[in-house]
Amino acid sequence: MRGIVFDFVLWFFACPVLFIRWLFRLIRRYRFYRMAYTTRITCTTCGAEISLLGVWRCRCGWTSASHLMRRCPICGSLPRMVRCFNCGATELLPEP
């Protein structure tokens, strides 16, 4: 009986912490998937549109004509940033 009460108390205090962790993960994944399904983003420096569709080259050397947020079929990596062609500034991309 004593072990059940102790387990319940631990569960009671852990639930809010686990819920907050789950909420932050949900927000992060929402940002990633929202960008993965859009074709353009706006540069925060100059306001120009940056296309996410085109020919992209991975750091391992693989080149493909696709969306920027697709995993590389060779090494499985995702890009961390994209460069604005108008002003040359880089925009950070969300992580999955």
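Of the set (1) charged (D, E, K, R); (2) exposed (fewer than 13 other Cβ atoms within 10 Å of the Cβ); (3) part of a helix (DSSP H, G or I), all apply to ARG59 but (3).
Does THR39 count as surrounded by 10 or more Cβ atoms within 10 Å (Cβ to Cβ), within 15 Å of MET69 (Cβ to Cβ) and either under 15 Å from the mean Cα position of the chain (by Cα) or among the hydroxyl-bearing types (Ser, Thr, Tyr) (or both)?
Values: surrounded by 10 or more Cβ atoms within 10 Å (Cβ to Cβ): yes; within 15 Å of MET69 (Cβ to Cβ): yes; either under 15 Å from the mean Cα position of the chain (by Cα) or among the hydroxyl-bearing types (Ser, Thr, Tyr) (or both): yes.
Yes, satisfied.
Residues that are more than 17 Å from ARG29 (Cα to Cα) and touching a residue at least 12 places away in the same chain (Cβ under 8 Å) within the stretch 62-80 comprise TRP62, SER66, HIS67, CYS72, ILE74, CYS75, listed in sequence order.
The listed residues are GLU91, GLU49, and the only one of them that is within 18 Å of the chain's Cα centre (by Cα) and modelled with pLDDT of 85 or more turns out to be GLU91. When you scan the stretch 19-73, how many residues do you find that are in contact with a Phe, Trp or Tyr (Cβ under 9 Å, 6 or more places away or on another chain), under 16 Å from GLY88 (Cα atoms) and hydroxyl-bearing (Ser, Thr, Tyr)? Selection size over the stretch 19-73: 1. The number of residues in the stretch 21-36 that are loosely packed, with under 11 Cβ neighbours inside 10 Å, modelled with pLDDT of 90 or more and either under 13 Å from PRO79 (Cα atoms) or not hydrophobic (A, V, I, L, M, F, W, C) (or both) comes to 2. Suppose the filter is part of a strand (DSSP E or B), surrounded by fewer than 12 Cβ atoms within 10 Å (Cβ to Cβ) and out of contact with any His (no Cβ under 7 Å at 6 or more places or on another chain); does ALA65 pass it? Yes: the conditions hold for ALA65.
The values are calculated or read from the model by the stated rules, or taken from the named source; none is laboratory data. A quick note: this is a predicted structure, and the numbers were derived from the prediction, not measured. We place every Cβ from the backbone using ideal geometry, glycine too, and count neighbours over all the protein chains shown.
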